[in-house]
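The values are calculated or read from the model by the stated rules, or taken from the named source; none is laboratory data. It should be emphasised that the depicted structure is a prediction, and the values quoted were computed from it without experimental measurement. Virtual Cβ from ideal backbone geometry, glycine too; neighbours counted across all protein chains shown. For the accessible areas, the whole protein counts, side chains as well, though only heavy atoms, and no ligand, DNA or RNA atoms are used. Shrake-Rupley method; radii C 1.70, N 1.55, O 1.52, S 1.80 Å.
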Amino acid sequence: MGERNYPFLLLLTSLLLALPFFFFTFSSSFYPFLFAFTSLPISSNFHVSLSPPISTPPIPQEEEAPPQDIDLNATLNIRWKNCRLGSVTVDYIPCLDNSQAIKRLKSKKHMEHRERHCPLRPPRCLVPLPLHYKVPIQWPKSRDMIWYSNVPHPKLVEYKKDQNWVRKSGDYFSFPGGGTQFKDGVNYYIDFIQKTLPAIKWGEHIRVVLDVGCGVASFGGYLLDKDVITMSFAPKDEHEAQIQFALERGIPATLSVIGTQKLTFPDDAYDLIHCARCRVHWEADGGRPLLELNRVLRPGGFFIWSATPVYQNDAKDRKIWKSMEALTKSICWKVVAMEKRVGSTRVGLVIYQKPSSYSCYDLRPSIIARRPPLCDQKHKEKVQWNERLSYCISRLPVDSKGNLISWPAPWPQRLTSNPQSLPSEPDAEDIFNEDTKHWASLVSDVYFDALAIKWGSVRNVMDMNAGYGGFAAALNEFPLWVMNVVPIDTQDTLPIIFERGLIGIYHDWCESFNTYPRTYDLLHSSFLFKNRTLRCEIIDIAVEMDRILRPDGYLLLQDTMETIKKLNPVLRSLHWSTSLYQGQFLVGKKGSWRPSE
């Protein structure tokens, strides 16, 4: 009898020995959850799911002493140097100021020189501060005035003096709310648009706006009063520092250009797109620039075009208008409003609407006339990163069951409504709702109550790994805005973020971000570094964070202890102060230190 038990005991022993190996190798995507569950108390109502891979670690239930095996004063012996690039040094953007790559371009016809040209290796120099740099003026006062010494670029004052973009007054730049196309003031212009087309309903039906060629972003800045959030963008060009002005004012903005590559936004993102003399030739290159707008415009959304071809009758403008008529007709946009004069000015505007069904596309008379063609379905499956402009009409969005996605719920209900673009997994809605609850609790219980952050000084916020945008949603009632960044090598959740009425962008964190130095008050990072360090070094991401964060700005990082141990010494070598809460929340504060040379 005893001998017959040996095989059974041998099998049982083998299973017990294999169990730990199975547990720890089960899934690499489970690691953030594993760390959280083994180091913190578990909330009784915390929902766990491995699909989709949106990690929502549990909230600490009670304060614990930080682990004893980490020395927050430990630093690395790095001989930091200041960047030396002549006149662009204090405003250095590595992927936009790569002069050697720009010189090698064969053509600049399609704005190639304004596009991204990243160096092969990220630079490890530090961008110096402008002379006499000061702590930025706080919002809402900053919308109307900023320190001259922080953005010492006076060219626009003279160049746009008759259009009230910006004025210099002593130690300040002031922004009267004027613009090339709204000489009666931006508030009058915004109200005029809604009177022209009441269906717009700022802040209810229209929530997320893209302003192309935005100048100093006064249009987007004043739309904030209407509960509308605008992504203002323009290239880094001869209109000196216009995006830097916008961000210093506390207005959402980014550097970009409609050239040869697709914008780094998802399909069907924006409720409305605006162009006031934005100097884009929509009809050029077979209409590819306008087809790109069509791609990022939500079905049923509006395009407002205020430019000389709308209201002037010289030969050049008439030719452009006829080309625009043919192009918009070919992609089934219809004119829903048109005004030849806005107020007392001699400017006008036209408002187009994108179709929300395929009926017009299908009715185009023949195969020959159906140009441009509809895009292949595979175009919708790509994250828009280093993708060339397409000559095709993007397909309308569908939900997980193949039904056309309708217009989102009115704002603010759309912020917490279940997005139609959620994945097809059976528990997708539960995961989304738990994610929303998680971030609301974490922001309230930990970020606001337990961490050494002066939130009253925070205006421009970036979530470096935004997931469903839950962090931004939890901050919605506060006087700040969040740039939601979805890394290109993670699950594509950016369509969901826009459907919620928030803004965001795709990015590769192994490259520099398209923004000026010193433009964000707080960087938020939730388990960002897990996959990044497989392709680039943690020190390079730290240098980029140091570049885009303002002096006295904060890094709020939630990550594994392994990541914190690697990152903290780098931050300390940059003379940042750091503190740790609950063994997983690292708060770094940047100072004004720069190497003395």
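Consider the stretch 82-104. How many of its residues are open to solvent by 50 Å² or more (accessible area, probe 1.4 Å) and in a loop (DSSP other than H, G, I, E, B)?
3
Look through the stretch 484-501, keep the residues that are among the hydrophobic types (A, V, I, L, M, F, W, C) and touching a Pro at 6+ places or on another chain (Cβ under 7 Å), and return whichever of them is farthest from Ser417 (Cα to Cα). Before the answer, list the steps.
At the first step, the residues of the stretch 484-501 found to be among the hydrophobic types (A, V, I, L, M, F, W, C) are 485-486, 488, 494, 496-498.
The next check asks that each one be touching a Pro at 6+ places or on another chain (Cβ under 7 Å); those that pass are 494, 496, 498.
Values: Leu494: 16, Ile496: 11, Phe498: 12 Å.
Applying the filter and picking the extreme gives Leu494.
Could you please give the count of residues in the stretch 263-285 that are aliphatic (A, V, I, L, M) and within 18 Å of Gln420 (Cα to Cα)?
Qualifying residue count for the region: 1.
Could you say which residue among Lys226, Lys201 is touching a strand residue (DSSP E or B) at 6+ places or on another chain (Cβ under 9 Å) and either within 24 Å of Phe498 (Cβ to Cβ) or not acidic (Asp, Glu) (or both)? Spell out the reasoning first.
Details: Lys201 fails: touching a strand residue (DSSP E or B) at 6+ places or on another chain (Cβ under 9 Å).
Testing whether each residue is touching a strand residue (DSSP E or B) at 6+ places or on another chain (Cβ under 9 Å) and either within 24 Å of Phe498 (Cβ to Cβ) or not acidic (Asp, Glu) (or both) leaves just Lys226.
Residues of the stretch 561-572 being open to solvent by less than 10 Å² (accessible area, probe 1.4 Å) and either aliphatic (A, V, I, L, M) or out of contact with any strand residue (DSSP E or B) (no Cβ under 8 Å at 6 or more places or on another chain) (or both), which ones? Even if it seems obvious, please write down each step before you answer.
At the first step, the residues of the stretch 561-572 found to be open to solvent by less than 10 Å² (accessible area, probe 1.4 Å) are 564, 567-568, 570-571.
Ile564, Leu567, Val570, Leu571 - these are the residues of the stretch 561-572 that are open to solvent by less than 10 Å² (accessible area, probe 1.4 Å) and either aliphatic (A, V, I, L, M) or out of contact with any strand residue (DSSP E or B) (no Cβ under 8 Å at 6 or more places or on another chain) (or both).
Given the conditions (1) part of a loop (DSSP other than H, G, I, E, B); (2) crowded, with 24+ Cβ neighbours inside 10 Å; (3) touching an Asp or Glu at 6+ places or on another chain (Cβ under 8 Å), report the number of the one that Ile146 does not fulfil.
Condition (1) is where Ile146 drops out.
With part of a strand (DSSP E or B) and of a type in the set (Asp, Glu) as the only criterion, which of Asp267, Asp271 stands out? Full working, then the answer.
On the way: Asp267 fails: part of a strand (DSSP E or B).
Unique residue meeting the criteria: Asp271.
Which of the residues that make up the stretch 216-236 are open to solvent by less than 10 Å² (accessible area, probe 1.4 Å) and either part of a helix (DSSP H, G or I) or touching a His at 6+ places or on another chain (Cβ under 7 Å) (or both)? Full working, then the answer.
Here is the first cut: in the stretch 216-236, the residues open to solvent by less than 10 Å² (accessible area, probe 1.4 Å) are 216-221, 223, 228, 230-234.
Those that are open to solvent by less than 10 Å² (accessible area, probe 1.4 Å) and either part of a helix (DSSP H, G or I) or touching a His at 6+ places or on another chain (Cβ under 7 Å) (or both): Ser218, Phe219, Gly220, Gly221, Leu223.
Restricting the search to the stretch 329-340, which residues are in contact (Cβ under 8 Å) with a residue 24 or more places away in the chain and over 24 Å from Tyr189 (Cα atoms)?
Kept after step one, since they are in contact (Cβ under 8 Å) with a residue 24 or more places away in the chain, are these residues of the stretch 329-340: 330-333, 336-340.
Result: Ser330, Ile331, Cys332.
Out of Leu272, Leu255, Leu297, Leu293, which single residue is touching an Asp or Glu at 6+ places or on another chain (Cβ under 8 Å), surrounded by 22 or more Cβ atoms within 10 Å (Cβ to Cβ) and closer than 29 Å to Leu480 by Cα?
Details: Leu272 fails: touching an Asp or Glu at 6+ places or on another chain (Cβ under 8 Å); Leu255 fails: touching an Asp or Glu at 6+ places or on another chain (Cβ under 8 Å); Leu293 fails: touching an Asp or Glu at 6+ places or on another chain (Cβ under 8 Å).
Result of the check over Leu272, Leu255, Leu297, Leu293: Leu297.
Can you name the residue in the stretch 387-434 that is basic (Lys, Arg) and not in a loop (DSSP other than H, G, I, E, B) and, of all such residues, is surrounded by the most Cβ atoms within 10 Å (Cβ to Cβ)?
Of everything passing the filter in the stretch 387-434, Arg414 is surrounded by the most Cβ atoms within 10 Å (Cβ to Cβ).
Collect the residues in the stretch 313-364 that are of a type in the set (Val, Ile, Thr) and either part of a loop (DSSP other than H, G, I, E, B) or over 30 Å from Arg395 (Cα atoms) (or both), keeping them in residue-number order.
The answer is Ile331, Val342, Thr345, Val347.
Yes or no: Gln181 surrounded by fewer than 19 Cβ atoms within 10 Å (Cβ to Cβ), in a loop (DSSP other than H, G, I, E, B), touching a Ser or Thr at 6+ places or on another chain (Cβ under 9 Å) and not hydroxyl-bearing (Ser, Thr, Tyr)?
Working: surrounded by fewer than 19 Cβ atoms within 10 Å (Cβ to Cβ): no; in a loop (DSSP other than H, G, I, E, B): yes; touching a Ser or Thr at 6+ places or on another chain (Cβ under 9 Å): yes; not hydroxyl-bearing (Ser, Thr, Tyr): yes.
Here the answer is no, as Gln181 does not meet what is asked.
When only residues in the stretch 435-449 that are in contact with a Ser or Thr (Cβ under 7 Å, 6 or more places away or on another chain) and either surrounded by 23 or more Cβ atoms within 10 Å (Cβ to Cβ) or of a type outside the set (Val, Ile, Thr) (or both) count, which is farthest from Asp492 (Cα to Cα)? Quick ask: steps written out before the conclusion?
Looking only at the stretch 435-449, we keep the residues that are in contact with a Ser or Thr (Cβ under 7 Å, 6 or more places away or on another chain), and these are 435-436, 438.
Checking the rest, the ones that are also either surrounded by 23 or more Cβ atoms within 10 Å (Cβ to Cβ) or of a type outside the set (Val, Ile, Thr) (or both) come to 435, 438.
Working: Asp435: 16, His438: 20 Å.
Among residues in the stretch 435-449 that are in contact with a Ser or Thr (Cβ under 7 Å, 6 or more places away or on another chain) and either surrounded by 23 or more Cβ atoms within 10 Å (Cβ to Cβ) or of a type outside the set (Val, Ile, Thr) (or both), the one farthest from Asp492 (Cα to Cα) is His438.
Within the stretch 303-332, which residues are surrounded by 22 or more Cβ atoms within 10 Å (Cβ to Cβ) and out of contact with any helix residue (DSSP H, G or I) (no Cβ under 7 Å at 6 or more places or on another chain)?
Answer for the stretch 303-332, where residues must be surrounded by 22 or more Cβ atoms within 10 Å (Cβ to Cβ) and out of contact with any helix residue (DSSP H, G or I) (no Cβ under 7 Å at 6 or more places or on another chain): Trp305, Ser306, Ala307, Thr328.
May I ask you to verify whether Leu197 is open to solvent by less than 40 Å² (accessible area, probe 1.4 Å) and over 30 Å from Arg594 (Cα atoms)? Don't jump to the end; show me each part of the working.
Values: open to solvent by less than 40 Å² (accessible area, probe 1.4 Å): yes; over 30 Å from Arg594 (Cα atoms): yes.
Judged against the criteria, Leu197 is a match.
Take the residues in the stretch 281-317 that are among the hydroxyl-bearing types (Ser, Thr, Tyr) and touching a Leu at 6+ places or on another chain (Cβ under 9 Å); name whichever of them is nearest to Met231 (Cα to Cα).
In this case the residue turns out to be Ser306.
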